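Reading through the structure tokens given below for one structure.
The values are calculated or read from the model by the stated rules, or taken from the named source; none is laboratory data. Everything quoted here is computed from the prediction, not taken from an experiment. Quick reminder, even Gly has a Cβ in these numbers, built from the backbone with ideal geometry, and neighbours come from all protein chains shown. These accessible areas exclude ligands, DNA and RNA; they are computed on the full protein's heavy atoms, side chains included. Shrake-Rupley method; radii C 1.70, N 1.55, O 1.52, S 1.80 Å.
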Amino acid sequence: MKITDDVFKNALSHFPSGVTVITYSHLGKHSGLTVSSFSSLSLHPPLILFCLQKNITSHDPIRSAGKFVVNILARGQDSISNQFASGKTDKHALIQELKCKTGELDIPILPGILSHIECEVEQFVDGGDHSIVIGKVISAGAEDSLRPLLYYRRDYYSI
Ligand SMILES: Cc1cc2nc3c(=O)[nH]c(=O)nc-3n(C[C@H](O)[C@H](O)[C@H](O)COP(=O)(O)O)c2cc1C
């Protein structure tokens, strides 16, 4: 089938993924956005990546902040995912309401998540209308008793 935006997006939506929220702090304000394009990249050195739309609020602040946390969401955190996926949410207020802890990089870590990965920005690589953000992992932790939140064809699932 000839490639159109709809054909491309529909084909991609058939790839199931986990759901993360990337949190960051910029100019004294906390923020975050929902991201499913997260992937591991390298073990030595420890690197991860995600793809970041160039035309959203979070793009330039993440680059200037130079650090972020990947929060891997757990089953039942659909509402957290939806709130961080909206440009209309006051993310700073939401993070304060959620009573987050902070880790080594002093960036909010969301409560109830499956695992977190604290990163310094290693590189922003051009990727069309997205940047590929490569993060060097500084610290990480996981909660083994929880199950993941999954995203597939624009809906949430678990295993
Ligand atoms: C399940 C899901 C996955 C998403 N994955 C990405 C992603 O990988 N990269 C991205 O830039 N935006 C992604 N988004 C969209 C952003 O979360 C959304 O544009 C958000 O409003 C950006 O926040 P901001 O406006 O505060 O910058 C995703 C949204 C959802 C619901």
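What relative contact order, as a whole-number percentage, does the chain give when Cα pairs under 8 Å and 6 or more residues apart are counted?
Details: 320 pairs, mean separation 45.3, N = 159.
Contact order relative to length: 28 percent.
On a C-alpha basis, how far is the centre of the stretch 4-36 from the centre of the stretch 104-159 in Å? Whole number, if you could?
The stretch 4-36 and the stretch 104-159 have Cα centres spaced 10 Å from each other.
From the phi of every residue in the stretch 99-106, what ³J(HN,Hα) in whole Hz does the Karplus formula 6.51 cos²θ - 1.76 cosθ + 1.60 yield, where θ is phi - 60° and glycine or proline is x?
Listing the rounded values in order: 6, 6, 9, 10, x, 5, 8, 6 Hz.
Residue by residue, what Karplus-based ³J(HN,Hα) values in Hz, rounded to whole numbers, does the stretch 73-79 have, using 6.51, -1.76 and 1.60 with θ = phi - 60° and x for Gly and Pro?
6, 9, 3, x, 9, 4, 5
How would you classify the stretch 21-154 from its alpha-carbon gyration tensor, with a ≥ b ≥ c the square roots of the eigenvalues: rounded for a/c under 1.5, else prolate if a/b is greater than b/c, otherwise oblate?
On the way: a/c = 1.23, a/b = 1.11, b/c = 1.11.
Taking the square roots of the gyration eigenvalues as a ≥ b ≥ c, the stretch 21-154 is rounded.
Work out the FRET efficiency for N55 and Q96 from their Cβ-Cβ distance, taking R0 = 25 Å, and round it to the nearest 0.05.
Values: r = 27 Å, r/R0 = 1.07.
Result of the calculation: an efficiency of 0.40.
Can you list the HN-Hα couplings for the stretch 118-131, worked out from phi with the Karplus curve (6.51, -1.76, 1.60; θ = phi - 60°), rounded to whole Hz and with x for Gly and Pro?
8, 9, 9, 5, 8, 6, 10, 10, 5, x, x, 7, 10, 9
Strictly over 27 Å apart at the Cα level, which of K54/K101; K9/K99; K9/K67; K101/K136; K9/K88 would you flag in this model? Walk me through the intermediate numbers first.
Numbers: K54/K101 29 Å; K9/K99 35 Å; K9/K67 30 Å; K101/K136 21 Å; K9/K88 23 Å.
From the list (K54/K101; K9/K99; K9/K67; K101/K136; K9/K88), the Cα-Cα distance tops 27 Å for K54/K101; K9/K99; K9/K67.
Computing the accessible area with a 1.4 Å probe over protein heavy atoms, can you report the carbon and sulfur percentage for the stretch 21-154? List each step's numbers first, then the result.
Working: 3480 of 7150 Å².
Heavy-atom surface of the stretch 21-154 belonging to carbon and sulfur, 1.4 Å probe: 49 percent.
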